[in-house]
Amino acid sequence: SEEEELAALKEAIAAQDSADILVLQEAWQPPVQEFLSWLKQLRQQLGPHPLIMLALIGKPEIDTLLTPTRPEHLRIWRQKVATISDQALHVIPLAS
């Protein structure tokens, strides 16, 4: 379940003495409500201080897995994630 996965993630972070987390997401997939809800749950598990970086990649091509994010996809993701109102959650393009 999501709750078990998030709890396991919290334990793994605590065991590594890490504070921040990187989430890799395909930018060409729309930011659905279920994913935004998962990000909120992740924040609840981690607490207010760890930085969450949502790293976006473009649609994979035959010869390249990590392709640049289209500007319009980045804009859409940033607008949707901003509705969460989490100052320690950042949306960035992974490849340029």
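The values are calculated or read from the model by the stated rules, or taken from the named source; none is laboratory data. From a predicted model like this one, the values you see are computed outputs, not experimental measurements. Every residue, glycine among them, receives a Cβ derived from its backbone with ideal geometry; neighbour counts consider all protein chains shown. These accessible areas exclude ligands, DNA and RNA; they are computed on the full protein's heavy atoms, side chains included. Shrake-Rupley method; radii C 1.70, N 1.55, O 1.52, S 1.80 Å.
For this structure, a couple of remarks:
- Folded to 0 to 90 degrees: helix 33-46 orientation relative to the chain principal axis, Cα: 40 degrees
- Here the contact order of the chain, divided by its residue count and restricted to Cα pairs under 8 Å and six or more residues apart, works out to 31 percent.
- Cross-link partners of LYS40 among lysines (Cα-Cα below 24 Å; sequence separation of 8 or more within a chain): LYS10, LYS80
- In this rough spin-label picture, where each label sits 7 Å from Cα along the Cβ direction, the GLN16-GLN44 distance is 2.4 nm.
- By the helix-only formula, in which each DSSP H run with n ≥ 4 contributes -39500 (n - 2.57) and the sum is divided by residues, the chain has a 222 nm mean residue ellipticity of -13500 deg cm²/dmol.
- Taking Cα atoms only, the orientation of helix 71-82 departs from the longest principal axis of the chain by about 20 degrees.
- Accessible surface, per residue, of the chain when the full set of protein chains is kept, probe 1.4 Å, Å²: 66 Å²
- Share of alpha-carbon pairs per 5 Å distance bin for region 33-96, given as whole %: 4, 17, 25, 22, 16, 11, 5, 1
- Carbon and sulfur %, accessible surface of the chain computed with the full protein complex present, 1.4 Å: 53 percent
- Nearest-0.05 FRET efficiency for THR64 and ALA88, computed from C-beta distance (R0 35 Å): 0.70
- Paramagnetic label zone (point 7 Å from Cα along Cα-to-C-beta, LEU51; backbone N under 18 Å) in region 1-44: 13-14, 17-25, 43
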